[in-house]
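Everything on this sheet refers to the single structure shown next.
Laboratory data are not the source of any read-out in this text; all were calculated from the coordinates shown. Since the model is a prediction, treat every value here as computed from it, not as a measurement. Cβ placement follows ideal geometry from the backbone for every residue including glycine, while neighbour counts extend to all protein chains displayed.
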Amino acid sequence: MQTSAMTSSTTSEPILNEAFIKAFVEAIGGFAWNNDFYEFCNVLQFNSEHSYALEKWQQFQALNKALGQFDVQSLHKLVEARRQQIKQ
């Protein structure tokens with residue numbers, strides 16, 4: 001059974017619900033808190049000596065900081081608004 005990237009395989013409920021968004025934000029934050037640049041590079045298979053890796057690390061840190069500026073409900077509202085736009 002083929003499913004949309006935005007719904008679960010068993011229901012029409014969006015998988016990008018508040019629980020998923022919360023888990024995503026917490027996972028990004030947890031990884032950022034518990035790991036350093038070298039583990040980041042290891043996970044993503046970046047060469048830590050390459051400037052691209054440092055650029056991506058800085059972008060990841062900015063992503064984590066930006067996600068922390070929003071509560072889960074607000075992020076969910078934004079995701080849902082875009083999902084509704086796509087439906088139209």
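In a DSSP loop and with at most 11 other Cβ atoms within 10 Å, the GluC sites (Glu not before Pro) in the range 11-88 are 49.
Going by neighbour counts of Cβ atoms within 10 Å, the residues 54, 75 line up, fewest first, as 54, 75.
In the range 18-87, taking the dipole from charged Cβ atoms about the Cα centre, the farthest positive-side position among 74, 35, 21 is held by 74. Summarising the amide proton neighbourhood of residue 15: residues at separation of 5 or more, or on other chains, whose placed amide H is nearer than 5 Å comprise 7, 8. Stretched out straight at 0.36 nm per residue, the stretch from residue 84 to residue 64 would grow longer than its current Cα-Cα span by 4.6 nm.
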